[in-house]
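Have a look at the structure below, then the notes.
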Number of protein chains: 2
Amino acid sequence: MSGVNERAHKAAHRTPDYTSSGPGDLSVHRMPGHFIRRLQQVAVRLFGDCVGPELTPVQYAALCAIAQTPGAGQAALAALIGYDRATIGGVIDRLEQKGWVARSGSPEDRRLNLLSITPDGQAALARAAPAVLAVQDKLLEPLDPQEREAFERMCLKLLAHHLG
Amino acid sequence: MSGVNERAHKAAHRTPDYTSSGPGDLSVHRMPGHFIRRLQQVAVRLFGDCVGPELTPVQYAALCAIAQTPGAGQAALAALIGYDRATIGGVIDRLEQKGWVARSGSPEDRRLNLLSITPDGQAALARAAPAVLAVQDKLLEPLDPQEREAFERMCLKLLAHHLG
DNA sequence: TACGATCTGTATGCATGCTGTCAATATTGC
DNA sequence: GCAATATTGACAGCATGCATACAGATCGTA
């Protein structure tokens, strides 16, 4: 195990939650919102462990979306992956700084920053893809195939309800 | 619907994901890690909508843990709810600034900041509790009782595997 | 008892994330 | 054609989160 998020991880080892909390527990440890928070924490740590520090989950999602939707503006990109317009700016900044993404103005609409992936960006994406897929597998590792299918189906159901 | 996270929420409405993405989609929209990320986003937005801006999810969890574990230091508190030692400091700062939490040194171990909840903090906690419970319910609203049980069980299974 | 290992809180730096605001630019209604 | 409106990207501000490093304090042990 790498040192990513070592403190929070070690900390979690010291709590008895998640393995034996009793039915009378009214604290945060019984709340789905807290589960999701901790799962997000786990997923980010796994991503760092498997993919490495050169690409964050957010940057991967953005790079992926840019590759699949060439010529989109920042707002359109944010819409695609559910980010905020204010957040995506900094993400693109960092991807641009690495030379993986290029901004170019649009002649038709001078407000837009048309985004495109560079060859280096393509290479980085291809390099990271296997590890990213491995993360998804490790994440759901303790679930059997039926449970995985059910988990993903319920996640999609929740997202469709709250976002759709 | 309140205006919390309006931009990302409106953005999400414009994407066809989560309702009709085809089986050949290799993008981020098929990845459990991305689902969890979006669910976390939804949960935070629901929390803001139901509880209000005076208490964040993180602050609620911390306040809750302090109320249940009086006399714990910051590191112990962080371990209880899975935060980082470096993060909890700022959270406590803000709770202390609101007058809901008090720091006091320990005579036995002068490194420790013993944490305790104030009467105002107790009141804030009691005020927020119903809304926080409502958030959990709204979050899993689209799932029937069996699905909710299964979802929570699988979350706990995942967390026990990755943290335990 | 001295000393090294460990623990605690803090500070810094980086990366998300969201709110509110703003200027520039398009679009629409009249 | 022009005024009201909407959209876009940028910026400031606040709140997580984590890695790293540091100083003070404690603990285990030789």
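The values are calculated or read from the model by the stated rules, or taken from the named source; none is laboratory data. Treat the numbers as computed from the prediction; the structure is a model and nothing was measured. As a convention, Cβ positions derive from the backbone with ideal geometry for all residues, glycine included, and neighbour counts pool all protein chains shown.
Report yes if B:Leu55 is within 30 Å of B:Gln41 (Cβ to Cβ) and assigned to a loop (DSSP other than H, G, I, E, B), otherwise no.
Yes.
Conditions (1) hydrophobic (A, V, I, L, M, F, W, C); (2) at pLDDT below 95; (3) over 26 Å from B:Arg45 (Cα atoms), marked per residue:
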{"site": "A:Leu77", "(1), (2), (3)": "yes, no, no"}
{"site": "A:Ile92", "(1), (2), (3)": "yes, no, no"}
{"site": "A:Gly121", "(1), (2), (3)": "no, no, yes"}
{"site": "A:Glu147", "(1), (2), (3)": "no, no, yes"}
{"site": "A:Cys155", "(1), (2), (3)": "yes, no, no"}
{"site": "A:Leu163", "(1), (2), (3)": "yes, yes, no"}
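Kindly check whether there is at least one residue in segment A:150-157 that is within 14 Å of chain B (Cβ to nearest Cβ), on the phi < 0 side of the Ramachandran plot and outside any helix (DSSP H, G or I).
The answer is no; no qualifying residue exists.
Taking segment B:81-91, which residues are near DNA strand D (Cβ under 6 Å from one of its atoms) and assigned to a helix (DSSP H, G or I)?
Selection gives B:Ala86, B:Thr87, B:Gly90, B:Val91.
Okay, residues lined up against (1) over 30 Å from B:Leu77 (Cα atoms); (2) within 12 Å of the chain's Cα centre (by Cα); (3) of a type in the set (A, V, I, L, M, F, W, C); (4) within 13 Å of DNA strand D (Cβ to nearest atom):
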| site | (1), (2), (3), (4) |
| --- | --- |
| A:Val28 | no, no, yes, yes |
| A:Gly33 | no, no, no, yes |
| A:Gln40 | no, yes, no, yes |
| A:Val44 | no, yes, yes, yes |
| A:Gly52 | no, no, no, yes |
| A:Leu55 | yes, yes, yes, no |
| A:Ala72 | yes, no, yes, yes |
| A:Ala75 | yes, no, yes, yes |
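Need the failing condition index for A:Leu114 against (1) within 11 Å of DNA strand D (Cβ to nearest atom); (2) of a type in the set (A, V, I, L, M, F, W, C); (3) part of a helix (DSSP H, G or I), just the number.
It is condition (3) that A:Leu114 fails.
If a residue has to be of a type in the set (Gly, Ala, Ser), more than 8 Å from every other protein chain (Cβ to nearest Cβ) and near DNA strand C (Cβ under 9 Å from one of its atoms) to count, how many in segment A:71-90 make the cut?
Residues that pass the stated criteria total 2.
Would you say B:Arg94 is more than 9 Å from chain A (Cβ to nearest Cβ) and either part of a loop (DSSP other than H, G, I, E, B) or in contact (Cβ under 8 Å) with a residue 24 or more places away in the chain (or both)?
Details: more than 9 Å from chain A (Cβ to nearest Cβ): yes; either part of a loop (DSSP other than H, G, I, E, B) or in contact (Cβ under 8 Å) with a residue 24 or more places away in the chain (or both): yes.
Yes, satisfied.
Are any residues in segment B:94-109 of a type in the set (D, E, K, R) and near DNA strand D (Cβ under 8 Å from one of its atoms), and if so, which ones?
The answer is B:Arg94, B:Glu108, B:Asp109.
Give the number of residues within segment A:49-70 that are within 11 Å of DNA strand C (Cβ to nearest atom) and more than 7 Å from chain B (Cβ to nearest Cβ).
Total satisfying the criteria: 9.
Please enumerate the residues belonging to segment A:129-163 that are in contact with a Phe, Trp or Tyr (Cβ under 6 Å, 6 or more places away or on another chain) and small (Gly, Ala, Ser).
A:Ala160
What do you reckon, is A:Gln122 more than 15 Å from DNA strand C (Cβ to nearest atom) and more than 13 Å from chain B (Cβ to nearest Cβ)?
Yes.
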